[in-house]
Amino acid sequence: MYHKTVLTNGVRIISEKLEHLKSVSLGIWVDTGSRDEAREENGISHFIEHMIFKGTQKRNSLGIAKELDAIGGMSNAFTGKENTCFHAKVLGKHFLTAADILSDIFLNSMFNPDEMERERQVIFQEISMMEDSPDDNIHVLFNRLFWADHPIGLSILGSAETVSAIDRETILEYIKSYYVPERIIVAAAGNVDHETMISCFRPLFESLSKGNTDPVRSIPHPTGGVSINFKDLEQVHICVGGDAPSQRDDKRFACTLFNTILGGNMSSRLFQEIRENRGLAYAVYSFLSAYVDTGLFGVYVATDIANVNPVLETIQTEVRKMIAGTLSESDLTAAKDHLIGGIYLSSENGDNRMMRIAKNEIIFNRYIDYKELISNLERVSIDEVIEVARDIFQDSKVSLATLGPFNEEDLDMGNLEFK
């Protein structure tokens with residue numbers, strides 16, 4: 001059973017009661033992320049996420065951890081391109097304790113300068129770890145290339161330079177602008193009573209003042225191009241792709257199916273051809289990064305230097321086949337069944353249910369039941385999948401990024417022509 005209450009200042013409280021669960025998953029969401037940051041403050045949303053757990057007037061960081069451990073709870077947080085979430089999972093009987101802890105750290109964090117300096121060093125290590133992980137770093141390089149100068153293309157972590165410049169005043173100003181009632185959602189799923197949620201969160205969140213301004217997100221404009229990043233590694237890591245539908249675009253269902261068929265599972269065309277049939281790579285998959293107003297579709301492969309052009313040629317061949325219409329009803333049905341199975345399996349997890357209702361509220365401002373989602377997937381035709389494949393792999397907008405011991409003069413540019 002789904003419920004939604006909007007407080008007088010705009011804070012939204014939503015819940016989905018799941019009778020069969022003993023646990024409750026609770027999240028406090030803010031509709032802001034790294035795409036909302038100015039270039040010079042890149043990484044501030046992620047810095048705030050770290051600092052939220054570092055102490056309030058009545059709890060220090062150890063106290064927060066001990067209280068959650070004492071009730072067998074799990075807590076965490078994440079920063080995305082477009083939103084930030086602080087969440088916990090506990091038994092239903094401990095909901096009020098978890099709600100009190102999350103509310104306290106969200107509303108009353110101190111952002112102590114000494115704690116900030118310590119956490120800054122932790123974030124530096126996180127940035128270094130990402131840069132030392134080529135399978136992660138290639139995605140950062142690919143996004144930076146594809147989105148050019150737009151903040152959505154920058155790393156969520158920020159850089160050593162930008163993180164060094166963030167101080168307490170900068171954080172408080174950012175919170176004042178973006179952590180406002182209209183952007184806050186409190187979501188819970190599982191063994192939870194909605195009226196209990198209201199009585200718990202209304203006194204704390206309804207006193208928040210509305211924001212004086214409502215910053216408008218700039219729309220990113222995808223660009224095509226090639227970025228060859230030489231690094232002495234064992235393999236060359238590759239990302240290639242193009243413009244994709246947004247989270248609000250009706251074509252997103254066809255794009256999800258295209259992703260599944262091309263490289264989304266072990267029976268996909270790229271996995272079978274690149275790994276199973278030709279032995280060119282161990283890791284190969286396609287991916288879809290969709291946002292409220294834009295999207296990015298890509299293929300990732302890690303391979304030996306001698307295989308870079310053969311891999312790109314194979315990707316080109318498989319995409320061209322799909323654009324040419326070599327797609328059967330059985331292919332499409334198998335992809336639909338794969339996705340529908342995954343949707344229903346994920347629905348059995350309370351964390352997934354909490355995140356789903358929160359994201360639907362952020363993106364669509366409403367609850368979307370599973371029946372509606374499945375119906376939209378089932379209605380997709382072969383022609384729609386072919387059309388979205390053609391839209392993504394327009395030669396003028398295809399981007400390629402590589403990371404590893406590979407030089408640009410060794411690249412066969414003909415492998416980036418998909419028409």
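The values are calculated or read from the model by the stated rules, or taken from the named source; none is laboratory data. The structure presented is a predicted model; accordingly, all values stated were derived computationally and were not measured. Ideal geometry is used to build each Cβ from the backbone, glycine not excepted, and the neighbour counts take in all protein chains shown.
Let's see how each residue does on (1) touching a strand residue (DSSP E or B) at 6+ places or on another chain (Cβ under 7 Å); (2) more than 28 Å from ASN212 (Cα to Cα):
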position: LYS4; (1), (2): yes, no
position: GLU16; (1), (2): yes, yes
position: LEU21; (1), (2): yes, yes
position: ILE28; (1), (2): yes, no
position: ASP31; (1), (2): no, no
position: ASP36; (1), (2): no, no
position: HIS46; (1), (2): yes, no
position: THR84; (1), (2): yes, no
Would you call THR326 surrounded by fewer than 19 Cβ atoms within 10 Å (Cβ to Cβ), out of contact with any His (no Cβ under 8 Å at 6 or more places or on another chain) and not in a helix (DSSP H, G or I)?
-> yes
Inspect region 66-75 for any residue being touching a strand residue (DSSP E or B) at 6+ places or on another chain (Cβ under 7 Å), free of Cβ contacts under 8 Å to residues at least 40 places away in the same chain, crowded, with 19+ Cβ neighbours inside 10 Å and not in a loop (DSSP other than H, G, I, E, B) and give the result as yes or no.
-> yes
Residues of region 380-414 satisfying the condition of being among the basic types (Lys, Arg) and modelled with pLDDT of 95 or more = ARG390
For region 7-19, how many residues are part of a loop (DSSP other than H, G, I, E, B), closer than 19 Å to GLY350 by Cβ and modelled with pLDDT of 95 or more?
-> 1
Quick count over region 198-216, residues being buried (at least 17 other Cβ atoms within 10 Å of the Cβ) and of a type outside the set (A, V, I, L, M, F, W, C), is 1
Residue satisfying all of: in region 108-119; over 28 Å from TYR291 (Cβ atoms), touching a residue at least 12 places away in the same chain (Cβ under 8 Å) and part of a helix (DSSP H, G or I); farthest from the chain's Cα centre (by Cα) among these | PRO113
Are any residues in region 289-314 within 16 Å of ARG144 (Cα to Cα) and either among the charged types (D, E, K, R) or in contact with a strand residue (DSSP E or B) (Cβ under 7 Å, 6 or more places away or on another chain) (or both), and if so, which ones?
-> SER289, GLY295, LEU296, PHE297, GLY298, VAL299, TYR300
So which residues in region 355-399 are of a type in the set (Gly, Ala, Ser) and over 15 Å from ILE261 (Cα atoms)?
-> ALA358, SER375, SER396, SER399
Residues located in region 123-143, provided they are free of Cβ contacts under 8 Å to residues at least 12 places away in the same chain and in a helix (DSSP H, G or I) | GLN125, SER128, MET129, GLU131, ASP136
Restricting attention to region 335-354, does a residue exist that is touching a helix residue (DSSP H, G or I) at 6+ places or on another chain (Cβ under 7 Å), of a type in the set (A, V, I, L, M), buried (at least 19 other Cβ atoms within 10 Å of the Cβ) and outside any helix (DSSP H, G or I)?
-> no
Would it be correct to say that ASP391 is loosely packed, with under 15 Cβ neighbours inside 10 Å and among the acidic types (Asp, Glu)?
-> no
Considering every residue within region 150-158, establish whether at least one is modelled with pLDDT of 95 or more, of a type in the set (A, V, I, L, M, F, W, C) and more than 25 Å from GLU361 (Cα to Cα).
-> yes
Residue that is farthest from the chain's Cα centre (by Cα) [pool: residues in region 329-355 that are more than 29 Å from GLU19 (Cα to Cα) and in contact (Cβ under 8 Å) with a residue 24 or more places away in the chain] | GLU329
Among the residues of region 401-412, is any within 29 Å of ALA302 (Cα to Cα), touching a residue at least 24 places away in the same chain (Cβ under 8 Å) and of a type in the set (S, T, N, Q)?
-> yes
Set VAL163, VAL186: member being of a type in the set (Val, Ile, Thr) and in contact with a strand residue (DSSP E or B) (Cβ under 7 Å, 6 or more places away or on another chain) | VAL186
What's the number of the condition ILE166 fails, among (1) under 27 Å from the mean Cα position of the chain (by Cα); (2) outside the structural domain of LEU102 (by TED's automatic domain parsing)?
-> (2)
Residue check for GLN247: over 30 Å from VAL11 (Cβ atoms), out of contact with any Leu (no Cβ under 9 Å at 6 or more places or on another chain) and surrounded by fewer than 20 Cβ atoms within 10 Å (Cβ to Cβ) | no
Among the listed residues ILE219, ILE228, which satisfies the condition of being touching a Phe, Trp or Tyr at 6+ places or on another chain (Cβ under 7 Å), under 17 Å from ASN143 (Cα atoms) and outside any helix (DSSP H, G or I)?
-> ILE228
Region 356-395, residues that are under 20 Å from the mean Cα position of the chain (by Cα) and aromatic (Phe, Trp, Tyr) | PHE364, TYR367
In the list LEU204, LEU208, which residue meets the criterion of being assigned to a loop (DSSP other than H, G, I, E, B) and in contact (Cβ under 8 Å) with a residue 40 or more places away in the chain?
-> LEU208
